[in-house]
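> This structure is in structure tokens; I'll ask about it shortly.
Taken together, the values in this text are just the output of simple stated rules run on the coordinates, not laboratory data. This is a predicted model, so every value here is computed, not measured. For neighbour counting, all protein chains shown are included, and Cβ atoms are generated from backbone atoms with ideal geometry for every residue, glycine included.
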Amino acid sequence: MTKPHWRARNRIDLIIEVWETLDCESVGAKELGEIQRVVGERFGPGAIDSPASIARTLADEGAVLRHPEVLEADTQWRQTVLSGSQFIEIDISTFETVQNALENLDNLSSELQDATDSQPLAGAKAAVLSARQQALSIAKSARVDSSVKAEKREIAHWLTIWLQSPEMFQHWLDLRKRSTEFRRRFKVPTEHPHEN
């Protein structure tokens, strides 16, 4: 069996695409696990949503859920996250993978904010610090191209902003990506808001 080539460019679209490819009558633990696996492979472990979050996305698309399995899968996933046995890693290969990972960390923090254990948030910050250090290391390397150095410095800046103010990060990032400097430096085409 050949490995499918996923067309989705973001996490939500990939969740739906994998579900459609599974061609299942209903969604339970096995399907949610497969979706998590594919999302992790495509966008990195930091981009994996909880089973309940994935199930909500699929229910909005018309999926029939096997609720007891969804609940059990979500409970097991949360216990794994809270126990700290799941290592969070941020893929710094592209702007998109970093943005997806940080969005997922924000979602995870929101989902677990009622938990009495602060370990998941500490794990998230440690992962961001580690990714920032890795990006700075690459940016200082004499063996990489100047465009890669610039990209990694930019990614390190993003991660610094997230560490300083995670609640404001998405607003800041939206403004940053629309800035003339960012678009010129990273050759991002200018959007024309009046075009359809």
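> Using the Karplus curve 6.51 cos²θ - 1.76 cosθ + 1.60 with θ = phi - 60°, what ³J(HN,Hα) values do you get for each residue of the range 140-153, in whole Hz, with x for Gly and Pro?
8, 5, 6, 8, 10, 5, 4, 5, 5, 4, 4, 4, 5, 5
> For Val27, what residues show an amide H to amide H distance below 5 Å, using hydrogens built from the backbone and excluding near sequence neighbours?
Here the answer is Val64, Leu65, Arg66, since their amide H atoms fall under 5 Å of that of Val27.
> Quote the FRET efficiency, to the nearest 0.05, computed for Arg185 versus Leu129 with a Förster distance R0 of 22 Å and r equal to the Cβ-Cβ distance.
Using R0 = 22 Å, I get an efficiency of 0.35.
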